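Reading through the structure tokens given below for one structure.
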Amino acid sequence: MASSTVGSSEFEETIVTASPSRRVRELLALCFSSGEVGGGFKDLESLVKELVSYLNCLSENDELENDVIEVLDEILKVVSSPQVDQEVIDELSFQLPKVTSKFADLSSRCLQLVEEIVDRFVEACNPRDMLSILCEALDAARCSLSPSSCSTPLLHGLSKVFISIQRRHFEQLKVAVPVVLNALKDISLEKDVQVEDLFDKAVGIAFSIRDVSSKLKNEEEVKVRCLLGFYVIQITAILSVSIRDKAVSCVPLVMQLEPFLTYCGLTHLGLITGSDTEKLLSTVAGDDDDFVNSFPDIKLGASLLLIWAKISQEVGEATNAALGSDVDELQSNPVKRWQAYGILKYILSSGDLLWAFKRHTIEFLLDITKGVSSTQGNDEKIDCSHYTPSIYAALQAVTLVIMYAPDADLRKKTFEALKRILSDIPAPQRFHVLRALVTNSQSSPMTAILLGLFKDSMSSSSLQGTDCAAADMLVIELVELVLRPPKGGPPLLPDQSDAVLAALNLYRFALLFNPGGKITENEARKERSRVSSEVLSKKNLEKAYKEWLLPLRTVVSCSIAENAKEDHGHESSFDSVCLLNLIESVLYRCIELVEEKLTSHV
């Protein structure tokens, strides 16, 4: 019995000289004998600490697989014995699930034994205690070198503990589910993660929560069902991010989640408009911000569930019909479309998803905006202001897809989606959204695209007097933003040639703009005189002439001369000179128009 009281140096020697399984057997025997009166043994808590310390040292040596198997087998035999003392089992349960899980990644046999050990503690101990024990162990496993293998037996044990809970089910699940999700997310970030294994772990937990819900009644049943809905939406996002290959290969896995949506009373339309997630939040979270923060990807997951259904080639007719019905509903309901834009942006702005998800999202946007026109978007009976911030964020995500899409076809489709979404916004908000997009654009080509869309909106919209005035002021602001940048100095040419040309075209258009009719210079002069135009005011004309156009003329002339000197037959130089020449042509036309307008003020 002296081995139970050795010093630290002697303890280290036993790791080398003694058989690990024998040493563990001795320590376990001491634990179960600690209750004997006058035995002279260490108290139970100290013995368990010594056992855990020994197992931790053993886990640091990866070359002892056979010894580890013997150790785990010895632990399983002892804790499975019908004669074991419950007090000792309870004390061991606080430590052994956590420490033995470290051996799970050594081999499939080790993983199997660890799972059986954890299952034995789940069967023998109080479910409420095991819930907190396994959650703590699962949280600790996230810091291990292989969280996937170490977490597997703990997740397996939790799926059984959930079902064993006898009371206050919702309160306990509400604490445990975020821990599970954190573990699954860490596993998903592993370089060589197997999606099938990750999915099996996630779905096993989902089935357990569903089984718990099916046994409950009234309000608690509703809350657990909503919690399950939250969980399914979140793991959809986690699984989608973990995919390293083609999304189609994972369709059979993800489509297994569809029955959970039905069970939780969720629909694709409700998810894509945000109404279902709001319902879940109000039922489950209330004012608990910490809980809400445990589901950071809930809106991403909600949008992905619909896109997965769209991707799938194996969905049933009922799902296909439901998706078609959802598209019809979104086409006919502008408010729900605006809501959908705000949810779908999470896919488009994510840097962790395959491009296939973004391609299908753009195609879905084209489906639901089919037939949408600026006339429909201008329906002033429907207030869009509440949805404008989320639509703006969605449009920002769309511009990113245009800029970084891997192929021309996707860029073309995305540009069409951009135009349609803008057309879906009533005129006053549309101009302000475009202003925000231009102001925050860091790309000259994208700035040019947006300014062109602003011009198109002015020409295609049936603008009222107040809308004209608002557009006028925004034109001045946006043109000045490009031609006289806030940081000072003229625009850099040829780097910003695209944006400069678009700004000049917009300004020329504004000088000639005839609201509600074709653009002819004679008619434009007559029409603009009827409206108090900020663009045509003497103050703004003089400002444009002296502060924008004349300084720009000097810059353009110098740039053309410099590029002509440096042109050694390179195609890029030739393209730059052509673009500068075009800028010069539009610039001189703007100068002529401003001089003409100023003359009319004399």
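The values are calculated or read from the model by the stated rules, or taken from the named source; none is laboratory data. A quick note: this is a predicted structure, and the numbers were derived from the prediction, not measured. Cβ: placed from backbone, ideal geometry, glycine included. Neighbour counts: every protein chain shown. Areas reflect the complete protein model, heavy atoms only, side chains present, ligands, DNA and RNA absent. Shrake-Rupley method; radii C 1.70, N 1.55, O 1.52, S 1.80 Å.
The table for this structure:
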| quantity | calculated |
| --- | --- |
| Å² of accessible area per residue within the chain, as computed with a 1.4 Å probe and no ligands counted | 46 |
| Ranked order, TYR231, TYR387 - accessible area, probe 1.4 Å, largest first | TYR387, TYR231 |
| CD proxy at 222 nm, helix term only [per DSSP H run n ≥ 4: -39500 (n - 2.57); per residue of the chain; nearest 500] | -23000 deg cm²/dmol |
| Karplus-derived 3J(HN,Hα), 6.51/-1.76/1.60, for each residue of the range 100-115, Hz, glycine and proline x | 6, 5, 5, 8, 5, 8, 6, 6, 5, 5, 4, 4, 5, 5, 4, 4 |
| Accessible-area ranking of HIS360, HIS268, HIS432, largest first, probe 1.4 Å | HIS432, HIS360, HIS268 |
| Neighbour count of at most 15 Cβ within 10 Å plus DSSP loop: longest trypsin sites (Lys or Arg not before Pro)-free window in the chain | 1-141 |
| Heavy atoms of TYR588: accessible area, 1.4 Å probe, square angstrom to 10 | 90 |
| At R0 = 22 Å, FRET efficiency that the Cβ-Cβ distance of SER249 and PHE207 yields, to 0.05 | 0.45 |
| Test item: Cα-centred dipole of the chain, Lys/Arg +1 and Asp/Glu -1 on Cβ, debye | 2960 |
| Cα-based equivalent ellipsoid of the range 156-208: semi-axis lengths in Å, sorted from largest, via gyration tensor | 24, 12, 7 |
| Share of carbon and sulfur in the accessible heavy-atom surface of the chain [1.4 Å probe, %] | 49 |
| Angle between the chain longest axis and helix 571-601 axis [Cα atoms, degrees, rounded to 10] | 50 |
| Potential lengthening between GLN194 and GLU562 on full extension [0.36 nm per residue; Cα-Cα distance subtracted] | 126.7 nm |
| Rounded if a/c under 1.5, otherwise prolate or oblate - the chain, Cα gyration tensor axes | prolate |
| Alpha carbon centroid spacing (whole Å) that separates the range 144-176 from the range 193-252 | 13 |
| Over 25 Å between alpha carbons, listed pairs LYS299/LYS455; LYS77/LYS98; LYS174/LYS336; LYS98/LYS185 | LYS299/LYS455; LYS174/LYS336 |
| For the chain, the longest site-free run once GluC sites (Glu not before Pro) in DSSP loop states with at most 11 other Cβ atoms within 10 Å are removed | 64-313 |
| CYS143 accessible area, 1.4 Å probe, all protein chains in place, Å² to nearest 10 | 120 |
| Degrees, to the nearest 10: 65-79 long Cα axis against longest axis of the chain | 70 |
| Cα-projected label distance for GLU220 with GLU171, points at 7 Å along beta-carbon direction, nm | 1.0 |
| With Cα atoms, 0 to 90° folded angle of helix 298-311 axis to the chain main axis | 80 |
| Rounded to the nearest 10 Å², the accessible area of SER132 at probe 1.4 Å | 70 |
